[in-house]
Structures are given as C-alpha cells and as structure tokens.
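The values are calculated or read from the model by the stated rules, or taken from the named source; none is laboratory data. Nothing here was measured: the structure is a model prediction, and the numbers come from that model. Positions of Cβ are backbone-derived with ideal geometry, glycine not excepted, and every protein chain shown enters the neighbour counts. Protein only, heavy atoms only, side chains kept; ligands, DNA and RNA dropped before computing areas. Shrake-Rupley method; radii C 1.70, N 1.55, O 1.52, S 1.80 Å.
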Amino acid sequence: MSNRTNQELMALREQNVPRGPFNVTPIFVRRAKGAVIEDVEGKEYIDFSGGIGVENVGHCAEQVVTAIKEQAEQFIHTCFHVVMYEPYVELAKRLNEVTPGDFPKKTMFANSGAEAVENSVKIARYATKRPAIIAFQNAFHGRTYMAMTLTSQTNPYKMGFGPFCPEVYRMPFPYCYRCPFGLKYPDCDLRCADYLEDFFVTNVAADSVAAIIVEPVQGEGGFIVPPQGYFKKLKAICEKHGILLIMDEIQAGMGRTGKLFASEHFDVIPDIILTGKSIAAGLPLSGVTGRAELMDAPHVGGLGGTYGGNPIACRAGIAVLDTLNKDMLGKAKKLGDNLRKQLLDLQSKYEIIGDVRGLGPMIGMELVKNRETKEPAGDEAGKLVKRCYEQGLIVLSCGVYHNVIRILVPLVIDDDQLEQGFRILEGNVKELV
Ligand SMILES: Cc1ncc(COP(=O)(O)O)c(C=O)c1O
C-alpha cells in the first residue's frame, strides 16, 4: 500500500483508531505464509498465534487463496437472502457431514464467533421454549452482548459494559489444576459433572434451561481441558432434563486439537456445534450446525444477516475442509505430541511452569510464582510474550489471570521453524527464572 514504517503506521493507528481494539505487538504485517509473518520493514516472525487460532491450515494456504481469487472474479455478494449461491449450501452440506452425530443436521452461517453464539442461543430458546442458558466459569464466547454475558472473565471483556443479559447462569468448570471442588481426578468421580443436579436446585430449575453452552477446551480461559468422562456425564444429565448441549468449537475446532472437532476426543455428540476462526482461514465466517429439527424451529426470516455466509468466505471454508484431510490431521497429531514433549521438558527444568495441558497441538503452559501455592504469574507471562516478540516469535497468553502461554501455531509449520520458535520460547522462560 505504501512504504510506511511500523512506527509511522503506529502513529497513524494511535491518532485514528481507539485504544479499545487491543494489540499484542506493535508491528504491521506486509505478508504472511505458512507459519511466518513478515512485517512492513521486512523482519520475519515465527507465528505461534495463527491470528488467534484462525490459521490452522497456514497463512495464505494455496488452495484457500485460489478459491478466494476464483470466487472474487465471479461474484462477491448478492446476500444469501436475496439471490442464493452454491458455496453456502455446499459448505453447509459438508459441515453437516463431518460434524459429530449420525442424524440429520442443518447449518446456517454468520460472520463471527460471537454471532454464531448469539444465533445458537436464539435457536435453543426458540426450539425448547425455555429462557435460561448455563455457561461456565472461565468461559469465553465473544464480545456482543449475549456472548459477553456468557463470557466469564471480567477484565478486559466485561468490565464497565454492564448491564448484561438476563437468564444466564454460571457453573464451575472442570479445571483440574485448580479444582473448584478441591478434589483430585479420578478419585473425585467427576463431582463437577454431578454438581449440575445440585445446580438445578440452588440456581435455576432444570425445566427453565434451554441449553448449556461450553467449550470442549477452554481457549481464552486458559487452555483448560476437562477430564475424560466429564462431557458424557454432562450430556446424560442434559438429556434427562431436555436441555440442549451447545459445543462452542470456535477455537478448538477445525483440526486445532488433531481431530477435526475437539468433541471427538470426548466421544460426545452435541445438539448444536459452533464453528468459526479457522473455518475460513481468515475470512469472516462462522457456522451453527445442529440437529435439523432444532435448526428448523425458528420461523422464516427469524435468522440471518446481510453478510452471513458470504460466498468468498464459504469458498474459503470449502477449501479449508479439503485441506484438513487425513494427512494434515495426522501431521497435527504429531505436532501435538512434539509440542507436549517439549513443554513437559521445559516444565521439568523450570519451576515457573506449573502445568502443561492441552489436546493435541492446542496446548499451553500455566505459569505460577510457586508450585505449592499456585499463585498465578501473570506479569511474568506478559514479559515472556513481549520478549519472545522482540526475538522474532509471536506467542499469546490467555487465562483469567493472564498467566497461561498458549500455542496456536499453524499446523503446517516445518521442523526448522518449530525448533527456532521453541529455542526463543525456552531462552525467555530461562530468562524469567
Ligand atoms: C471459544 C470461542 N467462542 C467465541 C469466540 C468469539 O469469536 P469472534 O471473536 O470471532 O467473535 C471466540 C474467540 O476467541 C472463542 O475462542
């Protein structure tokens, strides 16, 4: 566009863009490919963030770029509600086929994860004729009003933005490293799941609850993986009370955990599954896929939006599904094993790493000041992110205490890049201690 430097662009940004939309790094990108980002001054960075979990198939994956170009030359927008187009219905069909659950499904599209969440709540309430939604501690579901209400973390997501939406109730999440019940898996016998029955007595009547919305692996909340058996129990209790299970796979889905959907690791079949982020490798697209009879409950005209399921984004989505084939998922699994091994190795050397956890290549490490007290090391995580960036590695933190370093590296990263990234990460963990 121009030859401006990072500093010049930053001055332009500060003058013209509010501070609310945050920035992890002070650089501007010129181009990105695979797992590497080049800034406007020609400096290259290994990308362990994938644009916050959006680039599972890699920046500018060839098949995706070709699909986008082809579609842009044919037509860009007619609005699905005015003149329909094939990419929308084809991608819907593909998602209905590949999402967990061997029953008739339907899919609608929106533009962002938050919008998928909003639509799933509308559909669940309409279909069940019940008002309440149960969400979880540490959950993140987006920044629109309902999605923000369902989100748990106050700073920065909710602080100052109330009042929030009514009829949202919050359960403790199975966070084994900091068990809300003070128990240990597996001796706990999954008290956290059984607690739902108590919750119906103390918080909200079961027959008022339309749905439980949950992330299969909490993303922004700190890469928290529920123990095996949890979701099966939760789903059984939901079924007993006619409550829908909405699985928010916006961050954990689309190959992120080494399987197409994280739910597959838990052998649980959600009633509604939400996709976003990596679904279209960077074009704004999200999906709500669910049992056909639920999805068809709202009246004609009750769902939709001007841009939802834009044809270019849907073409990109089809290309992403083509790319996330067995080979790519196999590579993702190997990458996950490799990352786990390296992080566990770091943990054995550095006291500051309290916990290493994740599913496949969706993995992170929780930093603590002291392994006994588990006092969160949020400032240290912030320093680590900054120092890594200064040395050419883009990595993100997460967690309600901002003390979890998470890896959302594109699944196509090559061995040299991975090693280079890890060297920078380890060097800086060492510096911290
Ligand atoms: C699990 C989950 N749900 C919903 C969202 C919201 O997605 P978006 O930022 O596209 O609105 C996110 C984004 O980080 C997410 O991780």
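Given contacts defined as C-alpha pairs under 8 Å and at least six residues apart, what's the relative contact order of region 200-282, whole-number percent? Please list the in-between numbers first.
On the way: 113 pairs, mean separation 24.8, N = 83.
So the answer I get is 30 percent.
Which of Ile76, Ile133, Ile269 ends up with the largest GNM mean-square fluctuation for the chain, with Cα atoms connected below 10 Å?
Highest fluctuation among the options: Ile76.
Quick one: P(r) of region 135-275 from all Cα-Cα pairs, 10 Å bins, percents rounded to integers, in order of increasing distance.
Result, from short to long distances: 12, 43, 38, 8, 0 percent.
Using the Karplus equation 6.51 cos²θ - 1.76 cosθ + 1.60 (θ = phi - 60°), what ³J(HN,Hα) coupling, rounded to whole Hz, does each residue of region 151-160 give in order, writing x for Gly and Pro?
Using θ = phi - 60°, the values come out as 5, 9, 5, 7, 9, x, 6, 10, 3, x Hz.
What percentage of the solvent-accessible surface of region 250-334, computed with a 1.4 Å probe over protein heavy atoms, is contributed by carbon and sulfur atoms? Before the final figure, lay out each step's value.
Values: 1580 of 2920 Å².
Summing carbon and sulfur atoms, their accessible area is 54 percent of the total for region 250-334.
Nearest-5 percent of antiparallel DSSP beta bridges in the chain? Don't skip to the answer; put the middle values down first.
Working: 33 of 50 bridges.
Antiparallel: roughly 65 percent of the beta bridges in the chain.
Debye calculation, C-alpha points only, no solvent: report log10 I(q)/I(0) for the chain at q = 0.08, 0.11 Å⁻¹, in the same order as the q values.
With no solvent term, the Cα-only Debye profile gives -0.44, -0.86.
Mind telling me which of Lys374, Lys33, Lys43 comes out most flexible in a GNM of the chain, alpha-carbon contacts under 10 Å?
Lys43
Which residue, Asn310, Leu283, Tyr175, has the largest displacement toward the positive end of the dipole of the chain when charges sit on each Cβ (Lys, Arg +1; Asp, Glu -1)?
Among Asn310, Leu283, Tyr175, the one farthest towards the positive end of the dipole of the chain is Tyr175.
In the chain, if the dipole is taken from +1 on Lys/Arg beta carbons and -1 on Asp/Glu beta carbons about the Cα centre, which of Val24, Thr78, Phe161 is farthest to the positive end?
The listed residue farthest towards the positive side: Phe161.
With labels modelled as points extended 7 Å from the Cα through the Cβ direction, what inter-label distance (nm, one decimal) is found for Val82 paired with Val201?
That separation, rounded to one decimal, is 5.7 nm.
Along the Cα→Cβ direction, 7 angstrom out, place labels at Gln228 and Glu264. What is the inter-label distance in nm?
1.8
Could you work out the Rg to Rh ratio of region 275-382, with Rh taken as the Kirkwood radius (inverse of the mean 1/r over all Cα pairs)? Provide the component values of the computation, followed by the final result.
Values: Rg = 20.4 Å, Rh = 17.6 Å.
Reported Rg/Rh (Cα atoms, Kirkwood Rh): 1.16.
Hey, what did the chain get for relative contact order, percent, Cα under 8 Å, at least 6 apart? List each step's numbers first, then the result.
Details: 884 pairs, mean separation 96.2, N = 433.
For the chain, the relative contact order is 22 percent.
About its Cα centre, how strong a charge dipole does the chain have in debye, to the nearest 20, once Lys and Arg get +1 and Asp and Glu get -1 at the Cβ?
Details: 48 positive and 52 negative charges, 89 e Å.
Its charge dipole is roughly 420 debye.
Putting +1 on Lys and Arg Cβ atoms and -1 on Asp and Glu Cβ atoms, find which of Leu335, Leu294, Pro227 reaches farthest to the positive end of the dipole of region 184-339.
Going by the Cα projections, it comes out as Leu335.
Compute, for region 251-369, the length of the dipole vector about the Cα centre, with Cβ point charges of +1 (Lys, Arg) and -1 (Asp, Glu) only. Units Debye, rounded to 20.
Working: 14 positive and 12 negative charges, 92 e Å.
Charge dipole of region 251-369: 440 debye, to the nearest 20.
Quickly estimate the mean residue ellipticity at 222 nm for the chain, helices only: each DSSP H run with n ≥ 4 gives -39500 (n - 2.57), and the total goes over all residues, rounded to 500.
Values: 14 runs with 163 residues, N = 433.
About -11500 deg cm²/dmol.
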